[in-house]
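This report concerns only the one structure given below.
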Amino acid sequence: QVQLVESGGGLVQPGGSLRLSCTASGFNLANAGVGWFRQVSGKEREGVSCIQRSDNSTYYADSVRGRFTISRDNVNNAVYMQMNSLKSEDTAVYYCATGLCYYLSRYGMEHWGKGTLVAVSS
């Protein structure tokens, strides 16, 4: 039984930093591509970052490139996303998911966590 759990969300001021964690049970994340997605009420869920299974290549949305970094920790069966220089427009519920990194599309993902809220506000 596959389960993904996100953690690390919370309230942070603009310009601040946060690290999100995605941990898995019943599944080895080292054997999967893992992506981070975010969603704001009234908008579609969008891909933010992804780390590929085959060669650990990373991909980022234009809006976060240079500010966010996705990485693996296979010892702890986890994937992280370091978020720096946060902006108010980064406010969203963030989800991790396993699957393909194909154009950061949510339709390529197979399993999803329930999300963690990131609120960027002064």
Index of the failed condition, R53 passing every other in (1) closer than 27 Å to Q13 by Cβ; (2) touching a strand residue (DSSP E or B) at 6+ places or on another chain (Cβ under 8 Å); (3) open to solvent by 40 Å² or more (accessible area, probe 1.4 Å): (1)
Positions within segment 22-76 being of a type in the set (F, W, Y) and either in contact with a Gly (Cβ under 6 Å, 6 or more places away or on another chain) or within 20 Å of E110 (Cα to Cα) (or both), in sequence order: F27, W36, F37, Y59, Y60
Members of segment 44-62 that are within 26 Å of S121 (Cα to Cα) and over 14 Å from the mean Cα position of the chain (by Cα): E44, D62
Close pairs from segment 52-68: first under 24 Å from S17 (Cβ atoms) and of a type in the set (S, T, Y), partner outside any strand (DSSP E or B) and open to solvent by less than 40 Å² (accessible area, probe 1.4 Å), Cβ under 7 Å, at least 6 apart: Y59/C101; Y59/L104
Residue list for segment 76-102, filter: over 13 Å from the mean Cα position of the chain (by Cα), at pLDDT 95 or above and not polar (S, T, N, Q): L86, K87, E89
Matching residues, segment 43-73, being under 22 Å from S85 (Cβ atoms) and polar (S, T, N, Q): S49, T58, S63, T69, S71
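If we only count strands (runs of 3 or more DSSP E) wholly inside segment 22-120, which ones have 3 or more residues that are small (G, A, S)?
Details: elements: 33-39, 46-51, 58-60, 68-73, 78-83, 92-99, 109-112, 116-120.
In segment 22-120, 92-99 are the strands (runs of 3 or more DSSP E) which contain 3 or more residues that are small (G, A, S).
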Residue among A92, A61, A30 that is of a type in the set (G, A, S) and buried (at least 21 other Cβ atoms within 10 Å of the Cβ): A92
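The values are calculated or read from the model by the stated rules, or taken from the named source; none is laboratory data. Keep in mind the model is a prediction, meaning the values are calculated, not measured. Methodologically, a virtual Cβ is constructed for each residue, glycine included, from the backbone with ideal geometry; neighbour enumeration extends over all protein chains shown. When the accessible area is computed, the model is the full protein with side chains, heavy atoms only, and any ligands, DNA or RNA have been set aside. Shrake-Rupley method; radii C 1.70, N 1.55, O 1.52, S 1.80 Å.
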